[in-house]
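J.: I'd like to ask some things about the structure below.
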């Protein structure tokens, strides 16, 4: 049980922080919202009013670019430790990374052919 004690304590701290953050935002946060407060913040895209539904929509292209950025981050997150321990991994580590890069290359080629990497 003492092996799990640090994990349990860290989980409790994380849970208390999450609950505390939500409670503090409701206590300290603004009570009245106005037009400037409801605007999109630093996304670079002007929101489009949808009169039929009364809400704002953002083009799907915005989400596609965001997902591409996340994929680049995840790729780097996996490749940096591999590059650091390249000598110790041997053939299995090399083949695993080749398959990983091949899989990502197919996804990037698909997105490139569909025009997802072109900036307007």
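J.: Going out from 0 in 10 Å bins, what whole percent of all Cα-Cα distances in the stretch 78-120 drops into each bin?
T.: It works out to 26, 36, 24, 14, 1, in whole percents.
J.: Using mean Cβ contacts within 10 Å as the protection proxy, how do 83-93, 101-111 order, highest first?
T.: Numbers: 83-93: 9.5, 101-111: 11.9.
My ranking of the peptides, most packed first, is 101-111, 83-93.
J.: Where does each of 64-71, 14-21 land if you order them by average Cβ count within 10 Å, highest first?
T.: Values: 64-71: 12.8, 14-21: 10.0.
Those peptides, ordered most packed to least, come out 64-71, 14-21.
Only the coordinates and a few stated rules stand behind these numbers; no lab work does. The structure displayed is predicted, hence computed values, not measured ones. In this analysis, Cβ positions are derived from the backbone assuming ideal geometry, glycine residues included, and neighbour counts consider all displayed protein chains.
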